[in-house]
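The values are calculated or read from the model by the stated rules, or taken from the named source; none is laboratory data. Everything numeric here is computed off the predicted structure, so don't read it as measured data. We place every Cβ from the backbone using ideal geometry, glycine too, and count neighbours over all the protein chains shown.
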Amino acid sequence: MSNRLIVVSNRLPLTLRKVDGHWTTERSSGGLASAMNPILRRNGGDWIGWAGAGGEEDQEERRSVLQDWVQKKQCFAVELPDEVATGFYEGYSNQTLWPVFHNFPSQLKFDAKDWQAYVEANRIFSKAVVERYKPGDLVWVHDYHLMLLPQMLRDELPDVAVGFFLHIPFPSSEIFPILPRREELLQGLLGADLVAFQTHGHLQQFRSALLRVLGIESKVTEVAVDARPVRLEALPIGIAPKEYADLLSHDEATARNHAELIARYAGRRVLLAVDRLDYTKGIPERLRAYALLLRSSSELREKVVLIQIAVPTREGIDTYQDLRTEVNRLVGEINGKLGTPNWTPVVYINRSIERAELAALYQLADVCWVGPLRDGMNLVAKEYVACKAEGNGVLVLSEFAGAAAEMGEALLINPFDEERTASTVERALALEEDERRQRMKTLHARVLRNNVFRWGDRFLTALQEAVSERGRYTDTQPKRLRPAEVQQAYMSARRRLLALDYEGTLVPFTAHPHQSAPLPSVLTLLTALARESKNCLALMSGRPAEDLDRWFGAIGSMWLVAENGAELKPPGASWEPLRSPVPTDWKATVMPILEHFVDRTPGSFVEEKKYALVWHHRLAEPEFGAWLANELVSMLEAMLAETELRAFRGQKIVEVRPVWANKGEALERILAAYSQPDFLFAAGDDRTDEDLFERLRDGAWTVHVGPGPTRAAFMVRDFESLRSLLETFTEARYLRSA
């Protein structure tokens, strides 16, 4: 890989600290810094992140330190105004996104001002990246703080290669929709070429959110956005195990710490828990389970000790202050009621600790108890295993940590079930040596193999492949419509035919099709297009003739096509079927089948039209509705094989109608009456419009509205984009006369 890399994260691998009245630099710990630094050294590039709050004093000295970071470390500090930083970090990121993404909706707090700060912070990050960007760079955006950044970069740099990695879990499809500003977040992520998650489960929940919130269907490995593929990957992050091996074998401070710990806890089994003091980490649940273990297994008293490290975090947020109070109470209660003069059951450390001290604790601990209620990965589990090359330890791991997906040799627990958790910890303490070593040796080998460097290489390789696939994909996909080009063709034409679908193309879909009446602005637009002397306008809809008459009958100068082509109304004339006679006795046979699917699918219903029957599942659960739609079509295809009827899938519908009743056939009828247009424009959004696109000759402007596969030559993002384009058509005569 030769591309220069730009890493973008909320915080830099360097931290500003004020010591004795002066700004100093400390290196940040953690897997992200360990992974990115060697990759940046190898490929060259920059790291962009927030420097942290600066205050008002010693700004000149602070700026000097930050400039030193640029020159020596290629670290570029993003400066956020204090009010933006607070709303962005403590507000929307950590009181809205964090609880929802960890399935704690009861902790959600939302303030519209915090959202504006989040948007502004992402915009400031975007500006910083654009300033540093050079053609060919790979931009790697990290985590939930910067979910809007990929699309912001795409808007500024259309050809940029952007990858996004989410370090925390992606929430379930039942919980994600409660998130304020959910649509904007998903659209922000879809600006990337690659979106990667810790586990396949998180990836699938993201796909479900796309379907439920944006109505976008996706494949397991890809989602189509405009004329561009977005690759989806599950890439569990690793650690740098050699760092821990080196500490244990060569570092004097680690050896000294380990010797002191052995002496202090001689004769006792050590349980170790290392967490940030966060409500997602399950610390109160662990303490209650531990107390239950001590009460139910009296033989363990004075023979075991729990060392609970809880690193303070986000102390300015009320929820975290309440958690600290609860943990202090539980620790005091356990030690006060169960402890003895010679034994403290819980050793509670409420501070961050040095890496040398942590490695010594990992080496000492008989059991590492990792019990988050929800976690993206949890690297503590992997760090502990990295320090157990001899196989002398047991990992007790929450099944709700991402690490559980690849560390099946651990003893898995449900941390909400405190009684069974206590039993599992007791089993861990009693595990036979052979089984203990076999489990840990297997885990250790996997942690060594799937290290953080392999993770980084896999991500960047996937990003490069996604970018290269973009070119091949574009060759088979519609092009993004350029308004200036089509407007010029429109203005130059002498005879124009415009065929426009209605629902999903000119107006959004509604909960019930009868609610799709046009706004005055849509009527004004269609009237202007229809009255232009060089235009022949045809409005093609799945709605029945009576709906179209009621909504558009006053516009007498355009064609109306009802029921997806079954019936037509020329300008100034009456409705006529595309073919005649049209039998409808088949409805009595098909209706019971559709009603059976209504019974199976809450929220679905059947609509009877003059020439068709339609099963709607707009209000049904999206995945279930789509699955049953496929089942229904398969059933009907077998049943209708020897007839002129077919079952068609559209936007959250299955429609049964004559095979000849389609928009392509209707277009042929219109072309017979309005021959040889030199500008032919057709727009639609779903499968019912594909017949129309297929019939049109080369050189026609066929436009698909929204995402998804299509035969159209061009695409626009949504119905609003298409209406904006059509507005430029109505303005063309004024531009020409000017």
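From the list Arg723, Arg657, which one is basic (Lys, Arg), touching a residue at least 24 places away in the same chain (Cβ under 8 Å) and within 30 Å of Arg531 (Cβ to Cβ)?
Values: Arg657 fails: within 30 Å of Arg531 (Cβ to Cβ).
Exactly one residue qualifies, and that residue is Arg723.
Selection over the range 541-575 of residues that are closer than 17 Å to Ala683 by Cβ and over 41 Å from the mean Cα position of the chain (by Cα) gives a count of 2.
Residues that are surrounded by fewer than 17 Cβ atoms within 10 Å (Cβ to Cβ), at negative phi and not hydroxyl-bearing (Ser, Thr, Tyr): find the strands (runs of 3 or more DSSP E) completely inside the range 353-431 holding 1 or more of those.
Numbers: elements: 367-370, 394-398, 411-413.
Once the strands (runs of 3 or more DSSP E) in the range 353-431 are filtered for at least 1 residues that are surrounded by fewer than 17 Cβ atoms within 10 Å (Cβ to Cβ), at negative phi and not hydroxyl-bearing (Ser, Thr, Tyr), what remains is 411-413.
No other residue among Arg649, Arg687, Arg717 is under 24 Å from Leu619 (Cα atoms), of a type outside the set (A, V, I, L, M) and assigned by TED's automatic domain parsing to the domain that holds Leu613 apart from Arg649.
If you go through the range 281-315 one residue at a time, how many are in contact (Cβ under 8 Å) with a residue 12 or more places away in the chain, in a loop (DSSP other than H, G, I, E, B) and not basic (Lys, Arg)?
Going through the range 281-315, the residues in contact (Cβ under 8 Å) with a residue 12 or more places away in the chain turn out to be 281-297, 300-314.
Going one step further and asking which of them are in a loop (DSSP other than H, G, I, E, B), we end up with 282, 297, 301-303, 312-314.
From what's left, not basic (Lys, Arg): 282, 297, 302, 312-313.
Qualifying residue count, the range 281-315: 5.
Scanning the range 704-714 for residues that are touching a Leu at 6+ places or on another chain (Cβ under 7 Å) and within 13 Å of Glu690 (Cβ to Cβ) yields a single hit, Val705.
One residue stands out in the range 594-624 among those that are part of a helix (DSSP H, G or I) and touching a Leu at 6+ places or on another chain (Cβ under 9 Å): the one that is surrounded by the most Cβ atoms within 10 Å (Cβ to Cβ), namely Leu594. Within the range 626-652, if we keep just the residues that are farther than 17 Å from Tyr611 by Cα and either hydroxyl-bearing (Ser, Thr, Tyr) or touching a Phe, Trp or Tyr at 6+ places or on another chain (Cβ under 7 Å) (or both), the residue that is surrounded by the most Cβ atoms within 10 Å (Cβ to Cβ) turns out to be Leu632. Take the conditions (1) outside any helix (DSSP H, G or I); (2) within 25 Å of the chain's Cα centre (by Cα); Pro135 misses just one of them, which is (2).
Of everything in the range 587-630 that is under 25 Å from Val213 (Cβ atoms) and charged (D, E, K, R), the residue that is farthest from the chain's Cα centre (by Cα) is Arg600.
Do you know which residues across the range 495-540 are part of a loop (DSSP other than H, G, I, E, B), under 39 Å from the mean Cα position of the chain (by Cα) and polar (S, T, N, Q)?
Those that are part of a loop (DSSP other than H, G, I, E, B), under 39 Å from the mean Cα position of the chain (by Cα) and polar (S, T, N, Q): Thr505, Thr510, Ser516.
The conditions of being farther than 19 Å from Arg11 by Cα, free of Cβ contacts under 8 Å to residues at least 40 places away in the same chain and either in the same structural domain as Trp47 (by TED's automatic domain parsing) or not acidic (Asp, Glu) (or both) are met by Lys113.
Can you find a residue that is buried (at least 17 other Cβ atoms within 10 Å of the Cβ), among the polar types (S, T, N, Q), in a helix (DSSP H, G or I) and modelled with pLDDT of 90 or more anywhere in the range 451-469? Yes; the residues of the range 451-469 include at least one that is buried (at least 17 other Cβ atoms within 10 Å of the Cβ), among the polar types (S, T, N, Q), in a helix (DSSP H, G or I) and modelled with pLDDT of 90 or more.
Selection of the range 552-577 for residues being surrounded by fewer than 21 Cβ atoms within 10 Å (Cβ to Cβ) and among the hydrophobic types (A, V, I, L, M, F, W, C) yields Ala554, Ile555, Ala573, Trp575. When Asp322, Asp278, Asp318 are checked against the criterion of being of a type in the set (Asp, Glu), under 19 Å from Lys109 (Cα atoms) and in contact (Cβ under 8 Å) with a residue 24 or more places away in the chain, a single residue qualifies: Asp278. Annotation: of all residues in the range 671-703 being crowded, with 20+ Cβ neighbours inside 10 Å and under 21 Å from Pro571 (Cα atoms), the one that is nearest to the chain's Cα centre (by Cα) is Ala683. Tally up the residues in the range 392-408 that are more than 20 Å from Asn451 (Cα to Cα) and either touching a residue at least 60 places away in the same chain (Cβ under 8 Å) or not assigned by TED's automatic domain parsing to the domain that holds Val367 (or both), please. Number satisfying all stated conditions: 1. For the range 316-352, filtered to residues that are part of a helix (DSSP H, G or I) and basic (Lys, Arg), the residue that is farthest from the chain's Cα centre (by Cα) is Lys337. Would you confirm, using the coordinates I've provided, whether Val522 is among the hydrophobic types (A, V, I, L, M, F, W, C) and either surrounded by fewer than 18 Cβ atoms within 10 Å (Cβ to Cβ) or touching a helix residue (DSSP H, G or I) at 6+ places or on another chain (Cβ under 8 Å) (or both)? Answer is yes for this residue. Among the residues making up the range 244-267, those that are surrounded by 14 or more Cβ atoms within 10 Å (Cβ to Cβ) and of a type outside the set (S, T, N, Q) are Tyr244, Ala245, Leu247, Leu248, Asp251, Ala253, Ala255, His258, Leu261, Tyr265.
Do you know which residues across the range 511-538 are touching an Asp or Glu at 6+ places or on another chain (Cβ under 8 Å) and under 21 Å from Ser721 (Cβ atoms)? Hits for the range 511-538 are Ser516, Leu525.
For the range 625-738, please list each of the strands (runs of 3 or more DSSP E) lying entirely inside it that holds at least 2 residues being closer than 26 Å to Val230 by Cα. Spell out how you get there, then give the answer.
Values: elements: 645-650, 653-658, 679-684, 701-705, 714-716.
By residue number, 645-650, 679-684, 701-705, 714-716.
When the range 192-201 is examined, which residues are found to be more than 17 Å from Val8 (Cα to Cα) and crowded, with 21+ Cβ neighbours inside 10 Å? Outline the logic, then answer.
Initially, the range 192-201 is screened for residues more than 17 Å from Val8 (Cα to Cα), giving 198-201.
If the condition is that a residue be more than 17 Å from Val8 (Cα to Cα) and crowded, with 21+ Cβ neighbours inside 10 Å, then Gln198, Thr199 are the ones that fit.
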